[in-house]
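Here's the structure, in C-alpha cells; my notes come after.
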Amino acid sequence: MSYRGRFAPSPTGPLHFGSLVSALASWLDARAHHGAWLVRIEDMDAPRTVPGAAQDILATLERFGMRADEQPVWQSTRIAHYQQAFEQLKAAGLVYPCGCTRKEIADSLLHAHTRNTTLAYPGTCRNGLHGKPARAWRLRVPDDDAAVIAFEDRWQGKQTQNLATEVGDFVLRRADDQWAYQLAVVVDDADAGITHIVRGEDLMDSTARQIYLQRCLGLPTPRYLHVPVVTNQYGEKLSKQNGASALDCDKPLEALSAAARHLGLDLDGDASAKAYTTLDDFYNAATAAWSERMRLAI
Ligand code: GLU
C-alpha cells in the first residue's frame, strides 16, 4: 500500500491556528509514511464559501512550507461524480426524498426526547412524503446490526456509533440543492485513492456515516486519525465564525511550533526551548517526533 493523505479545508476564511493543527498533523503523518499529501478545497457549501479564501489558504500553506504533491482538487468541479454516486445509491433503493422542514424535525425530536428516546432523524418520510414536496434526499440506515459502525481511530482508539439510534437516515442532497459534505467527502477521498485521513476531532462524529456510505458504494475504508481540536476561552472549537484570527505569515515557525505543541510533540525535549531557524529543521524534528508518538518506523 502506498500512503496517500490529504488536507481538506473549507474556504470560509483564512487559515487559522485550528486548521493549521489539522494541516500539520496530516502533513507530518504523510511525511512519516513517505507518502503523498494532497489538498482538496471543500467549496461545495456555496453559502459559506468566501471569495478569495481558497487562494489565501493555498498561499499560506505554501508559505508554511506544506506543498501538495498533486494539483489541489476543488469540490465545485466534481459535481458529476457526486451525482453518479447518488444515482448508484438510488438505483439500489437506498435513498428517499424527504419533505420535512428543520422545524418539523426539531418538533418531532422534542417529542421523542420527552419519551426518552434518542435524537436521530425519526424516519418520518421513509415510506412516503405524506403529500409534502420533496426537499432533501436521505440515505436509508438499516435497523439491524449493519447500522453499528466500529472503527479504530489511530489517536483516540476504538469508536462505535449506532447510526440507527444516534443519527438516523442522513441527508445526501440538501434542501438547498447542494450535495451534502458526507457524500462529497466519501466520493472525493475514494477517487483520490486516500488511504489515511487525518483531521480534527470535530469530524469524529461524521466518520461512521462516511464508513457506512463507503460500504454502500463498494469503496474501501481508509484509516482514520482525529486530532484534538483547538478551543477558545469558552471551550468552543476555534473557527472563523467565533473570531479565530488569520495566521501571521511572517512568523511561520512560531505558529508551527505552537501547533506541534498542541499535538503533544516533543521536539528535542521542549518545543519552546529550541528555536528552529528553518522550516526544514522544524519539519525534520516534528516528523521524527510524530513518528515516535504514533509509533511509526521511519
Ligand atoms: N472541510 C472540512 C473542514 O474544513 C474537513 C473535512 C475532512 O477533513 O473530512 O472542517
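Could you count how many residues in region 161-187 are open to solvent by 30 Å² or more (accessible area, probe 1.4 Å), in contact with a Lys or Arg (Cβ under 9 Å, 6 or more places away or on another chain) and either among the polar types (S, T, N, Q) or within 12 Å of the ligand (Cβ to nearest atom) (or both)? Total satisfying the criteria: 0. Per the conditions (1) assigned to a helix (DSSP H, G or I); (2) within 12 Å of the ligand (Cβ to nearest atom), the sole criterion not satisfied by Ala288 is (2). Select from region 221-237 the residues that are farther than 17 Å from Phe151 by Cα and either of a type in the set (D, E, K, R) or surrounded by 18 or more Cβ atoms within 10 Å (Cβ to Cβ) (or both) and write down the one among them that is farthest from the ligand (Cβ to nearest atom). In this case the residue turns out to be Glu236. If you check Ile57, Ile79 for being of a type in the set (Val, Ile, Thr) and open to solvent by less than 60 Å² (accessible area, probe 1.4 Å), only one passes: Ile57. With respect to the conditions (1) touching a helix residue (DSSP H, G or I) at 6+ places or on another chain (Cβ under 9 Å); (2) surrounded by fewer than 17 Cβ atoms within 10 Å (Cβ to Cβ), Cys100 lacks only one, and its number is (2).
The set of residues in region 26-58 that are touching a strand residue (DSSP E or B) at 6+ places or on another chain (Cβ under 7 Å), near the ligand (Cβ under 10 Å from one of its atoms), closer than 17 Å to Ser239 by Cα and not β-branched (Val, Ile, Thr) contains only Asp43. Among the residues of region 188-220, those that are β-branched (Val, Ile, Thr) and more than 12 Å from the ligand (Cβ to nearest atom) comprise Thr195, Ile211. Tallying residues that are modelled with pLDDT under 80 and more than 23 Å from the chain's Cα centre (by Cα) within region 235-273 yields 7.
Filtering region 29-45 to residues that are within 19 Å of the chain's Cα centre (by Cα), in contact (Cβ under 8 Å) with a residue 60 or more places away in the chain and either surrounded by fewer than 21 Cβ atoms within 10 Å (Cβ to Cβ) or part of a helix (DSSP H, G or I) (or both) leaves Asp29, Ala30, Asp45.
Tell me which residues, restricted to region 192-240, are small (Gly, Ala, Ser), on the phi < 0 side of the Ramachandran plot and out of contact with any Lys or Arg (no Cβ under 9 Å at 6 or more places or on another chain).
Let us first name the residues in region 192-240 that are small (Gly, Ala, Ser), namely 192-193, 200, 206, 208, 218, 235, 239.
Among the residues that remain, those that are also on the phi < 0 side of the Ramachandran plot are: 192, 200, 206, 208, 239.
Correct list: Ser206, Ala208, Ser239.
Scan region 199-213 for residues that are open to solvent by 20 Å² or more (accessible area, probe 1.4 Å) and either among the β-branched types (Val, Ile, Thr) or within 12 Å of Gln156 (Cα to Cα) (or both) and the total you get is 2.
Conditions tested, residue by residue: (1) modelled with pLDDT under 95; (2) part of a helix (DSSP H, G or I); (3) under 25 Å from Thr231 (Cα atoms).
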position	(1), (2), (3)
Arg6	no, no, yes
Leu20	no, yes, yes
Pro47	yes, yes, yes
Asp56	no, yes, yes
Arg67	no, no, no
Gln71	no, no, no
Gln88	no, yes, no
Gly93	no, no, no
Lys103	yes, yes, no
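Could you tell me whether any residue of region 60-83 is closer than 28 Å to Glu166 by Cα and away from the ligand (no atom under 16 Å from the Cβ)? There is at least one residue in region 60-83 that is closer than 28 Å to Glu166 by Cα and away from the ligand (no atom under 16 Å from the Cβ).
Residue by residue, here is whether (1) assigned to a strand (DSSP E or B); (2) loosely packed, with under 13 Cβ neighbours inside 10 Å holds:
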position: Gly131; (1), (2): no, yes
position: Ala134; (1), (2): no, no
position: Arg138; (1), (2): yes, no
position: Glu152; (1), (2): yes, yes
position: Gln159; (1), (2): yes, no
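Residues that are among the small types (Gly, Ala, Ser) and near the ligand (Cβ under 8 Å from one of its atoms) were ranked within region 6-25; the one that is surrounded by the fewest Cβ atoms within 10 Å (Cβ to Cβ) is Ser10.
The values are calculated or read from the model by the stated rules, or taken from the named source; none is laboratory data. Computed from a prediction, not measured in an experiment: that's the story for all the values here. Virtual Cβ from ideal backbone geometry, glycine too; neighbours counted across all protein chains shown. SASA here: full protein model, heavy atoms, side chains in, ligands and nucleic acids out. Shrake-Rupley method; radii C 1.70, N 1.55, O 1.52, S 1.80 Å.
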